Amino acid sequence: MKLLLLAAALATQQVDIHSRPLREERGRDFDILHYRIELSLEEESRSLLGETTIRMVALGDQLTTCTLDAETFTVDRVLDRASRPLPFTHRDGRLTIELDPPVLHGEEIAVTVHYSGTNIDVDADRYGMSEGYDLGLDFKIETDENPQLINTLSFPEGARHWFPSYDHPNDRATQETIVTVRADYEVLSNGRLVSVSEPTDGKRTWHWSQELPHPTYLFVLVAGPYVVLTDSAGDLPLHYWVYEKDVDDAMRSFERTPEIIAFFNEEYGYDFPWVKYDQITIPGIGGGAESTGATVLGESTIHNARAEQDFPSHGLVAHEAAHQWWGNLVSYRDWSETWLSESFATYGEYLYTRHALGEDEAAVNLLGKKNAYLREARERYTRPVVFKRWTYPNENFDRHTYQKGATILNMLRRILGDAPFRSAMTHFLTKHAFQPVDTHDLIDAIKEATGENIEWFFEQWIYRAGHPVLDVSYQWSKPAGRLSVRVRQTGDVYRTPVQIGVHTPSRRYSETFWLESANATLELDVAEKPLLVRFDEGNYLLKEWTFEKSTEELVYQLENDDVIGRMWAASELGDHPAVAETARRDRFWSVRRAAIEALGEKASVELLREAALDENSKVRAEAFRGLGETKNTELVPFIEERFRRDDSYVAQAEALRALGAIADPSSKTLLEEASGIDSPRDVVGRAARWALDELSELDDRSNE
Ligand SMILES: [Zn+2]
């Protein structure tokens, strides 16, 4: 699952999460073995006619009732295996079926629920999802962006809106989906396609079968006029389901799927678990949802060639593919344990970035994750990663679950070592394949595979809120040839390894120390005066920190450290002339961008004009921001010219915002023209309209 954050989630007030109710994992009387879901869907009336047969085994004893989740539709009757009607009550989303005689422990029964609904439209807000999230079953009308179609979103508790179910992740079942829709539609569900009937009365019936068990939130159904593109990863069939208008652009988003699957097969040491992997685009979501063997992706993931530099889909494709192991093969028992799925998928993005684009891009990817978490920690709240206080499942899907969890996995990998970490992950996936798990299962798997008792690590990073806050300083004593690095932990004390790197004129040192107390002094033999003392070489630690350094050392670091160190040195140096040089010359885009940011208002117009021509669109965007802040009307012709010639939508949008910030009336014509330009997520149009507002506000003020 990867949903784009909405503005509401970025509110700056501190959020009281401790007053949320304390939740525990749901218990159950039955183990559900199989759902046979038969649906007939009618778009005109937004209606469904359903018949779901549920086969289950009693876990309790002498059971006189069976309770299922069932919302949005009306239950017409319930039958037992012999087609005898069973009494039932259906209220407040619970369908309680009476069983007579009582069902004994271990006994298998089956019930068939007949149900129907018209004008189906689930109010997602009522279930803790953002407005516009089409929870459950949804009938989409045709728009400029999408054809008419039907889709489900079962995450997190949407399954119960299209079939009666035990709708909680601690149960896994197999499934058949048998769907009747208009004959010109293609239908996708989990598992393998068993059959498609000949058209009768303008309709066809599609029969899909998912023969390995999975939780209900991963059940999916999409029906519409799709074009299906075929590909493969070794023996694994791959399909990309797209709208007809998107066919020419589709492979730009999906072409790396075989490589991504092959990479994860190797990385996780467990072959892709499902019989096929389909990806399908739908309206109404950003990001994607990792239904088993059939991921749904927001339609905006398909883009033209120009958008590739700013909106590549490969990270999203990798994230959802990683879920096919993390979340789908092995699933969390309860919503408070979602990190077992999302952190691993988010870490999968990082691993794939490193594999495909190298260490520098991967380092920037990881830094982005750390900063995303730190912003949430500063502006909203901190909580343990496994946290049992929540009202709605979706509250567990925040930056602690995704980004913090991913950085924690990277630290775990550092502590265990690459090979033991990977072997522990393979062992965990193999041992718990097709089972629900919790964090203790992961700790045990690590113990079994590596011999390491890593409970302390989980205690401080998973079961406790926060992160290390550090003050670092050092002294070098010439006569003794000693370097003493002092580390003060000003918040909770963390136990962690940290690597100290030292550059001197004639050699480089690198040594690992363990921090275990509030105050530590780390000693190294260093004969010459250090040019650079690097704390946390390798950039593993999730931390807030200060490290006072001389300007001389920072200038050296700006030129000689890794990408993360160079970015940090730029931000520490601020408007030093060396930073301007870095903005022009550094070999890596994110360092050039960080240098322009660090210079802020002190960046010269000359430098910003040069940077507006940088080869990387993110650097150009930053340059336009700087140019806007100058409020210099003489720059308007230059910015307008760059707007016309830039091939990046994001850089173009920033050029327009710069024109808005300068607010010269002469920009109006271009801005009006730009407000109608088609672009991904309307970035260009939105920027133009914002800039026009700035111009008209200035107009209003001058008229007052
Ligand atoms: Zn996800």
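Relative to the longest principal axis of the Cα atoms of the chain, the long axis of helix 257-268 lies at roughly 80 degrees.
Only the Cβ atoms of Lys and Arg (+1) and of Asp and Glu (-1) were treated as charged; on that basis the dipole of the chain about its Cα centre amounts to roughly 1780 debye.
Using the beta-carbon distance between THR230 and GLN309 and R0 = 30 Å, what value does 1/(1 + (r/R0)^6) give for FRET efficiency, to the nearest 0.05?
0.60
Net charge of the neighbourhood of ILE37, taken over other residues with C-beta under 11 Å away and scored Lys/Arg +1, Asp/Glu -1, is -2.
Separation of the alpha carbons by more than 23 angstrom is noted, of LYS276/LYS447; LYS2/LYS388; LYS370/LYS618; LYS602/LYS668; LYS431/LYS543; LYS2/LYS140, for LYS276/LYS447; LYS602/LYS668; LYS431/LYS543.
Can you work out the FRET efficiency for the pair GLU244 and GLU44, with r the C-beta to C-beta distance and R0 = 22 Å, to the nearest 0.05?
Details: r = 22 Å, r/R0 = 1.01.
Efficiency for this residue pair is about 0.50.
The angle between the Cα long axis of helix 439-450 and the longest principal axis of the Cα atoms of the chain comes to about 70 degrees, rounded to the nearest 10. Between GLU528 and ASP80, how many nm apart are label points set 7 Å from Cα along the C-beta direction? Here the answer is 8.8 nm between the modelled labels.
In the context of the full set of protein chains, the chain has a per residue accessible area of 41 Å² (1.4 Å probe). In the chain, the calculated helix contribution to ellipticity at 222 nm averages -10000 deg cm²/dmol per residue, counting -39,500 (n - 2.57) for every DSSP H run with n ≥ 4.
With all projection directions averaged, the alpha carbon convex hull of the range 589-704 covers 7.0 nm². Annotation for GLU516 and ALA110: the two label points, set 7 Å from Cα along the Cα-Cβ direction, are 6.1 nm apart. Note on the range 117-254: percent of Cα-Cα distances in each 5 Å bin, starting at 0 and stopping at the bin with the largest distance, equals 2, 9, 15, 20, 21, 18, 11, 4, 0. Would you mind classifying the range 1-151 by shape? Square roots of the alpha carbon gyration tensor eigenvalues, ordered a ≥ b ≥ c; an a/c under 1.5 is rounded, otherwise it is prolate if a/b is larger than b/c and oblate if not. The shape class here is oblate. Extent along the principal axes, Cα only, for the chain: 91, 66, 53 Å, with the longest axis given first.
Under 19 Å of direct C-alpha separation, and excluding same-chain neighbours fewer than eight residues apart, LYS478 reaches these lysines: LYS529, LYS549. A dipole drawn for the range 612-674 from +1 and -1 charges on Cβ atoms has a positive end, and of GLY626, SER667, VAL636 the residue lying farthest that way is GLY626. About its Cα centre, the dipole of the range 536-678 is roughly 340 debye, where the only charges are +1 on Lys and Arg Cβ and -1 on Asp and Glu Cβ. Exposure check, 1.4 Å probe, all protein chains in place: TYR463 carries approximately 60 Å² of accessible surface. Take each peptide in 38-51, 560-573, count the other Cβ atoms within 10 Å of every residue, and average; sorted highest first, the result is 560-573, 38-51. Take the Cβ atoms of GLU359 and MET411, set R0 to 25 Å, and the FRET efficiency comes out at 0.90.
In terms of packing, defined here as the mean over residues of other Cβ atoms within 10 angstrom, the peptides 466-479, 582-595, 337-350 line up highest first as 337-350, 582-595, 466-479.
Of the solvent-accessible surface of the chain, computed with a 1.4 Å probe over protein heavy atoms with every protein chain present, carbon and sulfur atoms account for 46 percent. Highest mean packing comes first when the peptides 405-412, 59-66 are listed by Cβ atoms within 10 Å, giving 405-412, 59-66.
The values are calculated or read from the model by the stated rules, or taken from the named source; none is laboratory data. Since the model is a prediction, treat every value here as computed from it, not as a measurement. When we count neighbours, we look across all protein chains shown, and the Cβ atoms used for this are built from the backbone with ideal geometry, even at glycine. All accessible areas refer to the heavy atoms of the entire protein, side chains included, with ligands and DNA or RNA removed. Shrake-Rupley method; radii C 1.70, N 1.55, O 1.52, S 1.80 Å.
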